[in-house]
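To keep things clear, I will list the structure first and then write my remarks on it.
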Amino acid sequence: AEPATDARVMDRLGLLMGGIDRLTELLGEFRMMSRRHDYRFEATELSVMVAELVEMERPAYSEQGVGIETDVARDLGSIRADVGKLRQVLLNLCKNAFEAMPDGGTITVSADRTAVGVMIEVKDTGPGIPKGLDVFAPFTSSKLEGSGLGLPIAKQIVEAHQGTLSYETPATGGTVFRIQLPG
């Protein structure tokens, strides 16, 4: 076989494999959104979970010029949560914030007690979400890549915890996602 032909075949094979990977990921997200979930609620130390998540993500983010900081109240205590699913929500919010800042910036994950439970915020210094975009509608995204299912799934998980997920794009820039949980 000709070397140029082999290279073309390998390029096409690489594109096909990438497409299959994206379809597999999309199918997995679609399945996750459409099926009934089994939740395992247990006492969860949010401050520990947030610290572990940030330390896990920090190296990859800093390589791309994105800092990640925490501002977690010392007396946060524990809440009843499915730690795996809540971690998935926070990872998704952090990943979205990271992807919104290709030229670098800062993500701040904060958590504090409120009169009715716990408030967790994920803030970024990116350009913000365009007005009129419903990021919680399935298959809606302001990103070039992504399925548009991450935030609808995150909202579904937070609501299963009897909480709310909301966001705002302040006039000063960036985006703030807020998770309010009973606790």
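Which fully enclosed strands (runs of 3 or more DSSP E) of segment 115-183 have 2 or more residues being at pLDDT below 90 and loosely packed, with under 13 Cβ neighbours inside 10 Å? Steps first, please.
Details: elements: 117-124, 164-168, 175-182.
Result: empty, no element qualifies.
Close contacts from segment 166-178, counting a first residue that is closer than 18 Å to G132 by Cβ and a second that is open to solvent by less than 40 Å² (accessible area, probe 1.4 Å) and among the hydroxyl-bearing types (S, T, Y), with Cβ to Cβ under 8 Å and a gap of 6+ residues or different chains, come to Y167/T175; E168/T175; T169/T175.
Listed by first and then second residue, the pairs with beta-carbon distance under 7 Å, at least 6 apart or on different chains, first residue in segment 48-75 and without any contact (Cβ under 8 Å) to a residue 60 or more places away in the chain and over 24 Å from P102 (Cβ atoms), second among the hydroxyl-bearing types (S, T, Y) and in a helix (DSSP H, G or I), are V72/S47.
The residues of segment 42-75 that are outside any helix (DSSP H, G or I) and of a type in the set (S, T, N, Q), listed by number, are T44, Q64, T70.
If only residues of segment 9-41 that are surrounded by 11 or more Cβ atoms within 10 Å (Cβ to Cβ) and at pLDDT 75 or above are counted, the one that is nearest to A111 (Cα to Cα) is F41. Mind checking which residues of segment 76-96 are open to solvent by 50 Å² or more (accessible area, probe 1.4 Å), assigned to a helix (DSSP H, G or I), closer than 21 Å to D38 by Cα and in contact (Cβ under 8 Å) with a residue 40 or more places away in the chain? The one that is open to solvent by 50 Å² or more (accessible area, probe 1.4 Å), assigned to a helix (DSSP H, G or I), closer than 21 Å to D38 by Cα and in contact (Cβ under 8 Å) with a residue 40 or more places away in the chain: Q88.
The numbered conditions (1) open to solvent by 70 Å² or more (accessible area, probe 1.4 Å); (2) in a strand (DSSP E or B); (3) not acidic (D, E) are all true for P102 except (2).
Every residue in segment 52-71 that is open to solvent by less than 40 Å² (accessible area, probe 1.4 Å) and hydrophobic (A, V, I, L, M, F, W, C), please.
Residues of segment 52-71 open to solvent by less than 40 Å² (accessible area, probe 1.4 Å): 53-54, 57, 61, 66-68.
Matches in segment 52-71: L53, V54, V66, I68.
The values are calculated or read from the model by the stated rules, or taken from the named source; none is laboratory data. These numbers come from a predicted model, not from an experiment. Using ideal geometry, Cβ is built from the backbone for each residue, glycine included, and neighbour counts are taken over all protein chains shown. For accessibility, only protein heavy atoms count, side chains too; no ligands or nucleic acids. Shrake-Rupley method; radii C 1.70, N 1.55, O 1.52, S 1.80 Å.
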